Structures are given as C-alpha cells and as structure tokens.
Amino acid sequence: MTLDRELAERMRLDRQLCFAVHAAAQAYDRLYRPLLTPLGLTYPQYLVMLVLWEGDDLTVKAIGQRLMLDSGTLTPLLKRLEAAGWIVRQRSAVDERQLRVTLTTRGKALQEQLAAVLPAAVGRAFGGPEAEAQALRETLVELRHRLNASAETVA
C-alpha cells in the first residue's frame, strides 16, 4: 500500500511543525553554548538559574514544576550547579523531606554577568523587533498549552 501524493507531501519532514520546533530548539542550544560554556553552564543549567533568579530559596519540586522537569532529570543538574558553586541544596528546616535550593553569592553575581551578554546576542540572532519575538513566544506558549491539553485527552 502506498500513500497518495497529497498525504505523502504532508508527511514530508520539512512540512512538520514538530520538526520546526525541534530544529529551532537545537538552534537555540547552538546559540547559547558558546556564551554559556566559558562559564561552565549548560543551557538546562541556565534555565534552572533563571528560575532561581526570579525567586531564590525554592524546593526542588517547585523548580521542576516551573521547568516541567522531573526530579530524575533535575537532580543531576542541581548537583552540577552545586559542585560549581552556583547554588546550595539543603534539607528544609520545616520539612526535612523537602530539599531547598538557594543561590550562592557567586550564583547571584552570575545573573549580572549574563544579563550583560545574552539579551543582546539573542536579539541580534533573532534579527527582528522585540514585539515580533514576544508574539512568537506567546504563540509557542499557546501551542504548548494546546498540546498538553490534547496529550491529556489521548492518554
């Protein structure tokens, strides 16, 4: 059995939204890598730092929820950030089942260092007005919500 031409055309890799999103994510990784590597950070570690810069002293669970990562994925990231001296992980004094994550002085200072470089580099790479970038971000957030809702009905 062979697909008809129209269906075969729709199934081409370059016509897939999922591949376009995947390829864009890889391009972001390639953009960020040379900016983050000299600091000893990976892109996923940078995302953890963004969450902590917004609100320090969070539980591992709260960070995982914010980044949509499970603890099995997040824990190695946090261990590497702690070994590098960016964060401290410690049991909560209120509930020792909770592991809390706080920024070190060095981790707080990193925000200023990256703020001086990343926004300009990403803006140049995007090459369009900030309003266009924000509209694209909003579209992608809406796409994520729709896909999550759809995944819940399929499961």
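The values are calculated or read from the model by the stated rules, or taken from the named source; none is laboratory data. Owing to the predicted nature of the structure, the values given are computational and were not obtained by experimental measurement. In this analysis, Cβ positions are derived from the backbone assuming ideal geometry, glycine residues included, and neighbour counts consider all displayed protein chains.
Of the candidates Ser92, Ser71, the single residue that is over 30 Å from Ala20 (Cα atoms), of a type in the set (Ser, Thr, Tyr) and modelled with pLDDT under 95 is Ser92.
Of the conditions (1) in contact with a helix residue (DSSP H, G or I) (Cβ under 7 Å, 6 or more places away or on another chain); (2) surrounded by fewer than 10 Cβ atoms within 10 Å (Cβ to Cβ); (3) within 27 Å of Leu118 (Cα to Cα); (4) not charged (D, E, K, R), Cys18 fails just one. Which one is it? Every listed condition holds for Cys18 apart from (1). Residues in the stretch 102-134 that are surrounded by 12 or more Cβ atoms within 10 Å (Cβ to Cβ) and farther than 18 Å from Ile87 by Cβ: Val117, Leu118, Ala121, Val122, Gly123, Ala125, Phe126, Ala133. Evaluating Ala83 against the criteria (1) under 24 Å from Pro34 (Cα atoms); (2) surrounded by 12 or more Cβ atoms within 10 Å (Cβ to Cβ); (3) of a type in the set (A, V, I, L, M, F, W, C) leaves one unmet condition, (2). Scanning the stretch 64-111 for residues being among the small types (Gly, Ala, Ser), under 18 Å from Glu54 (Cβ atoms) and touching a residue at least 12 places away in the same chain (Cβ under 8 Å) gives a total of 1. Evaluating Thr59 against the criteria (1) surrounded by 15 or more Cβ atoms within 10 Å (Cβ to Cβ); (2) touching a residue at least 40 places away in the same chain (Cβ under 8 Å); (3) among the polar types (S, T, N, Q); (4) under 29 Å from His22 (Cα atoms) leaves one unmet condition, (4).
Could you tell me how many of the residues in the stretch 78-129 are within 15 Å of Asp57 (Cα to Cα) and not assigned by TED's automatic domain parsing to the domain that holds Leu36? Adding up the residues that qualify gives 0.
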